[in-house]
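Participant: My questions all concern the structure below.
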Amino acid sequence: MTESNGNPRREFLGLAGKAGLSTVFAQALGVNLGLVNVAQAAAVKPFSFAMIADPHLYGAKDHVFDKQLEDAVLQVNEMKEQPDFVVVLGDVSHNGVLNELEKGKRILSNLRVPIRSIPGEHDWYLDMGAGWRANFGDEFWSFDHKGVHFIGLNSILVPDFWTKAGLTPEQRRDWFMPLNSPVPGVWGTDARQREWLKKDVAKLPTSTPIVIFTHSPLWDYYPRWNFQVSDAVQIRGILSKFTSVMAFHGHVHHTLYNKIGNMTSIGTMSTSWPWPYPPVKLPYPQFQQYRADPSNTSDGMGTAAVSITGPGAGRMQYAPFADSVPQRLIDGFKI
Amino acid sequence: MNIFNASGRRLMSLTIFGSTATLLVVSVALARNPFTADELKAMEASLTQSSKRGYDMWYGARADMANNGLACANCHPDASATNPQTFPKFMPQFDRVVAYRDMVNWCIENPQGGKALDVSGEDMIALEAYSFYLHKGVPIQTGLQTRQTSGPTPKNARGINVPGTGIGFDKK
């Protein structure tokens, strides 16, 4: 495994032992990053990873969402095909306070495999990510694993609206609480991440399979609910040279599928509550989950797993807590 | 013959010459707006005030509606997936036909762990005002909804006609 985001990471070293022999050999010889990736792109080895999204933990003891995240952890730990790692797609906490983030880290530490995380807006705007970074590391990153290049971005950034208005950190955070908040505007990544991404993928051959994670979808789904990344067109442009891009996101709290150019975009269920579909025509309505039964507190939530079966080829499986999705989405579908 | 409105104000006097003429004149008379512009403005302001109160409660303004931090909007942004126009209807958790306000109180007491509202109090009416207002124009179709439904499409930031704060993009 190789990593790059300007900072070496220690939390994720568990994956190094599972990296391909070619990678380890290349690293031992001090081969540069580009050459390592050439070697990996040529040899994708089958593996899987899992995703957990939007736990929205509150600080209260024994809050119902604690149990739901614990259920998600159990579900992943019991997956028949054990994932090599788990990606947490943001909004671990609801109010962004330290005890919520620490609780999230504690519950997620029961996973048997390493995790990688990207932030959600609920994690971020109380202290501009300080607590989240202290618990979950860098806000954007990349690494290579068994021939696939993985990228995580911070997609919930907006221009400063709080300084001029003289808002307290709590007031700033609270303007992000409603999904349809009238104040912050549409969010996305930023110029710093786009420049980093350009460099990150510059030397990768076009045949390298790309998997990218953002909190919100990399296409304009429903901006009123911030179901978009404002600079998605630019992100997709940077990745347009690749044969295959798989994009995964949280934030929407329901199953979702789209295909734009070389990118397949897939949304995940949350572990906290399901959100209805917005009043727009879905590009692929056959990937809708069922309407949740409010009297069943497990309905409408769950986790997901992806099996990488070859270069640019994968199989996606939703793992709902209850019978919330059509069976074919549980059995899995090709990406 | 004199015709009066509900407040006793005389709308018109007419002399009947024939049935056709009578129908024509009466229908014109009844099509006249029974309220003055000022009356309409006052009524609209009252409805907006109630809807705004409902909006604030929907987003967590009344603390005793939850014991776990959850608000209506956690699951129902823009009052989506509430479908107030489909009530009264059978709800499995009640095992009977209930009104929309019964379902609102069920959500407050169960997922939110809060204290039920007085079903005829101003707060309940405010919640109804907000969610019904957003569904204005949606056909009334009482009955079960078992498939996914899409939420309403609000015309402005809050979906109700209230002034914005001026912070960030909140202009209206």
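Just so it is clear, none of the values below were taken in a lab; they were calculated from the coordinates. Just so you know, these numbers come straight off a predicted model, no measurement behind them. Every residue, glycine among them, receives a Cβ derived from its backbone with ideal geometry; neighbour counts consider all protein chains shown.
Participant: How big is the charge dipole of region B:50-134 about its Cα centre, in debye rounded to the nearest 20, if each Lys and Arg gets +1 on its Cβ and each Asp and Glu gets -1 on its Cβ? Could the numbers behind the result be given before it?
Facilitator: Details: 7 positive and 10 negative charges, 20 e Å.
Around 100 debye, computed over region B:50-134.
Participant: In region A:48-89, which GluC sites (Glu not before Pro) fall in coil by DSSP and have 15 or fewer other Cβ atoms within 10 Å?
Facilitator: Numbers: sites: A:GLU70, A:GLU78, A:GLU81; in loops: A:GLU78, A:GLU81.
Answer by residue number: A:GLU78, A:GLU81.
Participant: Next question. Assign unit charges at the C-beta atoms only (+1 for Lys and Arg, -1 for Asp and Glu), then state the dipole size of the protein assembly as shown relative to its Cα centre in Debye, rounded to the nearest 20. Write down the numbers at each step before the final one.
Facilitator: Values: 48 positive and 45 negative charges, 261 e Å.
I would put it at about 1260 debye.
Participant: In nm, what is the difference between 0.36 nm times the number of residues separating B:VAL138 and B:PHE35 and their Cα-Cα distance?
Facilitator: Extending this stretch completely gives an extra 34.5 nm.
Participant: If you don't mind, there's one more thing I want to ask. Subtract the Cα-Cα distance of A:ARG133 and A:ARG112 from 0.36 nm times their separation in residues, and report this length gain in nm to one decimal. Don't skip to the end; give the middle numbers.
Facilitator: Details: separation 21, 0.36 × 21 = 7.56 nm, distance 2.17 nm.
The span from A:ARG133 to A:ARG112 would gain 5.4 nm if fully extended.
Participant: If all Cα-Cα distances of region B:50-134 are sorted into 10 Å bins from 0 onward, what percent lands in each bin, rounded to whole numbers?
Facilitator: 19, 57, 24, 0
Participant: Can you give the FRET efficiency for A:GLN286 and B:PHE169, using 1/(1 + (r/R0)^6), R0 = 35 Å, r = Cβ-Cβ distance, to the nearest 0.05?
Facilitator: Numbers: r = 35 Å, r/R0 = 0.99.
After rounding, the FRET efficiency stands at 0.50.
Participant: Still on this model: Determine which lysines satisfy two conditions relative to B:LYS41: a Cα distance under 28 Å, and not lying fewer than 8 residues away in the same chain.
Facilitator: B:LYS41 reaches B:LYS52, B:LYS136, B:LYS155, B:LYS171, B:LYS172.
Participant: If you don't mind, another one. When a footprinting reagent is the concern and you count Cβ atoms within 10 Å, what order do B:MET124, B:MET65 take, fewest first?
Facilitator: Working: B:MET124 20, B:MET65 25.
Ascending Cβ contact count within 10 Å gives the list B:MET124, B:MET65.
Participant: Number of Lys pairs in region A:47-158 with C-alpha atoms less than 29 angstrom apart, excluding same-chain neighbours closer than eight positions?
Facilitator: 9
Participant: Using Cα-only point scatterers and the Debye equation, what is log10 of I(q)/I(0) for chain A at each q in 0.08, 0.09, 0.11, 0.13 Å⁻¹, rounded to two decimals?
Facilitator: -0.34, -0.43, -0.66, -0.95
Participant: In peptide B:69-79, what is the residue-averaged number of other protein chain Cβ atoms found within 10 Å of each Cβ? Walk me through the numbers before you get to the answer.
Facilitator: Numbers: counts 8, 8, 2, 0, 4, 9, 9, 4, 10, 8, 0.
Mean number of neighbouring Cβ atoms from other chains: 6.
Participant: Ranked by Cβ crowding within 10 angstrom, fewest neighbours first, how are B:PHE90, B:PHE132, A:PHE49 ordered?
Facilitator: Numbers: B:PHE90 11, B:PHE132 17, A:PHE49 22.
Least to most surrounded, the residues fall as B:PHE90, B:PHE132, A:PHE49.
Participant: If you don't mind, there's one more thing I want to ask. Defining a contact as two alpha carbons under 8 Å apart and six or more residues distant in sequence, what relative contact order in percent does region A:125-179 show? Let's see the in-between values first.
Facilitator: Working: 30 pairs, mean separation 20.7, N = 55.
Normalised by residue count, the contact order of region A:125-179 is 38 percent.
Participant: A follow-up question, please. Summing -39500 (n - 2.57) over the DSSP H runs of n ≥ 4 in chain A and dividing by its residue number, what mean residue ellipticity at 222 nm do you reach, to the nearest 500 deg cm²/dmol?
Facilitator: Working: 11 runs with 87 residues, N = 335.
Theoretical 222 nm ellipticity from helices: -7000 deg cm²/dmol.
Participant: For each of B:CYS72, B:CYS107, count neighbouring Cβ atoms within 10 Å of the residue's Cβ, then give the residues from fewest to most.
Facilitator: Values: B:CYS72 25, B:CYS107 21.
Lowest to highest Cβ neighbour count: B:CYS107, B:CYS72.
Participant: A further question on this structure: Just how far, in whole angstrom, is region B:41-101 from region A:68-98 if you go by their alpha carbon centroids?
Facilitator: 31
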